[in-house]
1. Looking at (1) assigned to a loop (DSSP other than H, G, I, E, B); (2) more than 18 Å from the chain's Cα centre (by Cα); (3) among the hydroxyl-bearing types (Ser, Thr, Tyr), which is the only condition Thr232 fails?
2. Out of all the residues in the range 44-59, which are within 14 Å of the ligand (Cβ to nearest atom) and assigned to a loop (DSSP other than H, G, I, E, B)?
3. From Glu120, Glu206, grab the single residue that is part of a helix (DSSP H, G or I) and surrounded by fewer than 22 Cβ atoms within 10 Å (Cβ to Cβ).
4. Restricting the search to the range 60-101, which residues are within 12 Å of the ligand (Cβ to nearest atom), surrounded by fewer than 21 Cβ atoms within 10 Å (Cβ to Cβ) and not in a loop (DSSP other than H, G, I, E, B)?
5. From Val233, Val287, grab the single residue that is of a type in the set (A, V, I, L, M, F, W, C) and open to solvent by 20 Å² or more (accessible area, probe 1.4 Å).
6. So Leu127 passes all but one of these: (1) away from the ligand (no atom under 12 Å from the Cβ); (2) among the aliphatic types (A, V, I, L, M); (3) at negative phi. Which condition number does it fail?
7. Return the residue satisfying two criteria in turn: it lies in the range 246-284 and is of a type in the set (Gly, Ala, Ser) and open to solvent by less than 40 Å² (accessible area, probe 1.4 Å), and of such residues it is modelled with the lowest pLDDT.
8. So, Asp161, is that one open to solvent by 50 Å² or more (accessible area, probe 1.4 Å), within 11 Å of the ligand (Cβ to nearest atom) and either touching a strand residue (DSSP E or B) at 6+ places or on another chain (Cβ under 7 Å) or touching a residue at least 40 places away in the same chain (Cβ under 8 Å) (or both) or not?
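The values are calculated or read from the model by the stated rules, or taken from the named source; none is laboratory data. Remember, it's a predicted structure, so these values are computed and weren't measured experimentally. Cβ placement follows ideal geometry from the backbone for every residue including glycine, while neighbour counts extend to all protein chains displayed. Just the protein is used for accessible areas: all its heavy atoms, side chains included, with ligands, DNA and RNA removed. Shrake-Rupley method; radii C 1.70, N 1.55, O 1.52, S 1.80 Å.
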Amino acid sequence: MSDQTATTRPAPPIAEDVAALRARVGQWRAAGEHVALVPTMGALHEGHLSLVRQGRAKADRVVVSIFVNPTQFGPGEDLARYPRTFEADCAALAPCADLVFAPQAQAMYPPGSSSMISLEGPATAGLEDAFRPGHFRGVATVVAKLLLQCGPDIALFGEKDYQQLKVIMRMVADLFMPVTILGGETVREADGLALSSRNRYLAADERARAPQLYAAMQRCAKAIVAGDDPATVLTREEAALVQAGFAVDYLALRDAESLGEPDPARPRRLLAAAKLGATRLIDNIAV
Ligand code: PAF
């Protein structure tokens, strides 16, 4: 698509309820078109848009859902102040999405709704789950609802939330959901900071220090690949992060597929979460 087309294309239509979503997707299906879904909580950045473009390259139509899902926020987390930038999001989607699905909380969790999806096993053990208990229950539940409401052929999620991606892949496999889940590579600022809707919370001095998380992770991966003892490397780099003012929740090496214990003969993933002031950053890289 030329730049001119991109800037002149109107914002995509908005479906506010499941009936409107299904009507539109039904028309596409009747015309033999394939559909991609990109679930988001809005506050879109280049990481989201790269998923939408990936969806567009793989399907005829792309639906982007924008819903700040209350059930994945714990008490004391940032649900109330989570950035809501709906108009800017729709404008950003003009060149690349065919429909925005923007339901109200009542449509996703009608009065009396009482079914939630919980997973057990290595994908949900530890890491985020240890610091945000119940988070993946909320994520799995809302993603299952979105998949069932939209019925896409593929759904795309960022690798930046690597554990979330693995939880969703596990759920889809376990429940025989007829959809292919694809991950999109983490998009980074020039200094290495992974793009996140929450980066806007960082104060100027925190923003300046934030890339040190990725830098420490890269040092870890390099040393581990070179044969250094992973436990020693992780302890050393965690101490360096603490020294730089991070409160580290975890810096952990896991099996890249199952997120269970790592085996040097298999692909591994380094995952981290750390707070700078009140802002919690998460990141991960392949080892
Ligand atoms: O990654 C996110 O933005 C959310 O966790 C998701 C997948 C849209 C579910 O609310």
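1. (1)
2. Once the filter is applied, which keeps residues that are within 14 Å of the ligand (Cβ to nearest atom) and assigned to a loop (DSSP other than H, G, I, E, B), the range 44-59 yields Leu44, His45.
3. Details: Glu120 fails: part of a helix (DSSP H, G or I).
Within the list Glu120, Glu206, the selection yields Glu206.
4. Pro70, Thr71
5. Unique residue meeting the criteria: Val287.
6. Unmet for Leu127, out of (1) away from the ligand (no atom under 12 Å from the Cβ); (2) among the aliphatic types (A, V, I, L, M); (3) at negative phi: (3).
7. Top of the filtered list is Gly260.
8. So Asp161 fits the description; yes.
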